């Protein structure tokens, strides 16, 4: 059983997906990419789970034209990198509810011929995992060497350990939490309120080329502040003015940090869907991890000192409940000024930990005769 | 020269106010309240400066009907309280650009007969101080025993020391900063963006009873998160659901923190003007304090451990530059879980410091023969 690297693909699930909310989705498509080669013994498969605004394109290449664009974890996944596509068969799929190829609120409901919009069912992190499991079935991956994710991707990695403990050998949960706190829920709610208040939102029924751009941009601006640290914002922007020496005394973007946020907001609207933003944030709000009771995989839990969105205390809480269950846990808090974004940026120090953890998991699996 | 307690009053300035932006306001009204009695020697006057959403009503009573409603610093100012209206003649005025009686963007421009809206000039913290100085002139207060303020009010207190060092004996700067950082500017900009994006905003030309309610509410929600600490939000709300045991799987407010924020947003719209919100946040963004070179008053600088909006490091920076100038500075960081709001809530511990500081300033003034 060997699969070659394939680039962007789409899988149509054969059976309906029953969701945590009680509803079912009869027709689900999954956009995914794979990198590297699945070994005959099947023991080198690594599922990478993306965060709120990510997609299946975790790394550049291989594949058809366009696949050379940088992936969202470019320094972490690829040939010779910590998630080494020369050694591992790496799978990354756009999550259920997403807007980059997998079925979500922007998809057409086959029962009506119209886009779902807010008629799309609310999905949970566990629902995302269920769809990923179906994808692995179709790829012939019975068992994962590891599931790896940061932020909302880390939530999926944790959920994998609980929902399919028999299919996961190792879990990397980076910059994540078993449950977000009141402040993070509050920031998510502000973003949702900004989208819902935009007249272009129209109850979720907008044309995809006429999105609630202002509301989504504001949501992204709020989010972006929470991804950075006070320290990194001070270093990066301070109180510098952009293209001027004196204050404008007008309501224009004049501080660099204002221009930067406005730019981030605009750019996000070009690549992300407002309805999906609502669904992703709600999935994060709902996530309330119950660790597995048995067959615990080994864990690597990482946090970053300046991450105030998913702070180290919440990572330590994951570690605490795992140790209570006698799990094998490696925990590292990495010193970084980059806030929550550090899990994307600190590929060197973080990458060394992930590389060693995955290599050891692979080695131990081989010592067990490849049976994992 | 003695003035009695008077309750709400309005002063019409006799001369135009020239502003930092270069423009002038020909006609300025100032809404203010006074409490207590100005001593003949004039040495017991205390100016209290309010924060972004405050007004002249620092404490309940005395005055006509309605003045019994609680003031915004109710536990701090009043008979027998730290800012003791039995001992001090306490003055508090709505700031220039405000929406509680003092001339601001909601006022009618006498030259056009229309509301200013965004045609109102941008005002600075120093412009606010200038108007307060005119008010003191009219009240016969040549010199202040102290100027006291927290947050944006603390900025005004600092600006008083620089602009009128000869008129200030003591300064209380609570939970404030000489200049806000990139993160605080960013949060202010998000709030402004939400207001500007609301179609009801109409470029600032809205009827006061048809305000950009959704935009202003979102701005307040963002602000409110920054006034609380992660710790206090966790204590107060955690992940508790409101009026339900299970998730709704709909886009409704279901976590208590969501309901609370939505309520704070709605309530704010009832009492505050969106244009003024723009002007106040911009004044804070612009503030860049240059300490006085001579005649420095004595200072009490306070900060609160969990205040991440105006963190202790920024208070320490104020202290540092004051000590470089050989000023007499008392600094205290007060342990509190309440975030930036602590300056309003920690009236006991914070109040004891303020009370002692003011009493000593009064005593020292009297030892100098009342000449201050």
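The values are calculated or read from the model by the stated rules, or taken from the named source; none is laboratory data. The structure displayed is predicted, hence computed values, not measured ones. Cβ placement follows ideal geometry from the backbone for every residue including glycine, while neighbour counts extend to all protein chains displayed.
Numbers at a glance
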| item | result |
| --- | --- |
| Pick from segment B:236-257, criterion outside any loop (DSSP other than H, G, I, E, B) and facing chain A (nearest Cβ under 9 Å), ranking: surrounded by the fewest Cβ atoms within 10 Å (Cβ to Cβ) | B:236 |
| Selection within segment B:79-133 - surrounded by fewer than 22 Cβ atoms within 10 Å (Cβ to Cβ), at positive phi and within 20 Å of the chain's Cα centre (by Cα) | B:101 |
| Any hit, segment B:320-332, residues being touching a helix residue (DSSP H, G or I) at 6+ places or on another chain (Cβ under 6 Å) and within 13 Å of chain A (Cβ to nearest Cβ) | no |
| Of the criteria (1) within 30 Å of residue B:120 (Cα to Cα); (2) in a loop (DSSP other than H, G, I, E, B); (3) modelled with pLDDT of 95 or more, which one residue B:269 fails | (2) |
| Segment B:284-301: number of residues that are under 15 Å from the mean Cα position of the chain (by Cα) and within 11 Å of chain A (Cβ to nearest Cβ) | 2 |
| Any hit, segment A:175-185, residues being crowded, with 24+ Cβ neighbours inside 10 Å, touching a strand residue (DSSP E or B) at 6+ places or on another chain (Cβ under 8 Å), touching a residue at least 12 places away in the same chain (Cβ under 8 Å) and in a strand (DSSP E or B) | no |
| Residue within segment B:152-167 that is outside any helix (DSSP H, G or I), surrounded by 24 or more Cβ atoms within 10 Å (Cβ to Cβ) and in the same structural domain as residue B:58 (by TED's automatic domain parsing) present | no |
| Residue in segment B:235-251 that is over 30 Å from residue B:291 (Cα atoms) and in contact (Cβ under 8 Å) with a residue 40 or more places away in the chain present | yes |
| Some residue of segment B:103-123 being more than 14 Å from chain A (Cβ to nearest Cβ) and assigned to a helix (DSSP H, G or I) | no |
| Set B:336, B:303: member being in a loop (DSSP other than H, G, I, E, B) and not assigned by TED's automatic domain parsing to the domain that holds residue B:230 | B:336 |
| From the options A:69, A:143, residue that is more than 14 Å from chain B (Cβ to nearest Cβ) and touching a strand residue (DSSP E or B) at 6+ places or on another chain (Cβ under 8 Å) | A:143 |
| Residue in segment B:34-49 that is farther than 21 Å from residue B:362 by Cα and either in contact (Cβ under 8 Å) with a residue 40 or more places away in the chain or surrounded by 22 or more Cβ atoms within 10 Å (Cβ to Cβ) (or both) present | no |
| Residue pairs meeting the criteria (Cβ under 6 Å; at least 6 apart or on separate chains; first over 14 Å from residue A:50 (Cα atoms) and in the same structural domain as residue A:93 (by TED's automatic domain parsing), in segment A:122-142; second modelled with pLDDT under 95 and surrounded by fewer than 21 Cβ atoms within 10 Å (Cβ to Cβ)) | A:140/A:1 |
| Which numbered condition residue A:71 misses (of (1) without any contact (Cβ under 8 Å) to a residue 40 or more places away in the chain; (2) surrounded by fewer than 22 Cβ atoms within 10 Å (Cβ to Cβ); (3) at negative phi) | (2) |
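Yes or no, residue by residue, for (1) part of a helix (DSSP H, G or I); (2) out of contact with any strand residue (DSSP E or B) (no Cβ under 7 Å at 6 or more places or on another chain); (3) touching a residue at least 24 places away in the same chain (Cβ under 8 Å); (4) buried (at least 17 other Cβ atoms within 10 Å of the Cβ):
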residue	(1), (2), (3), (4)
B:294	no, yes, yes, no
B:308	no, yes, yes, yes
B:314	yes, yes, yes, yes
B:352	yes, yes, yes, no
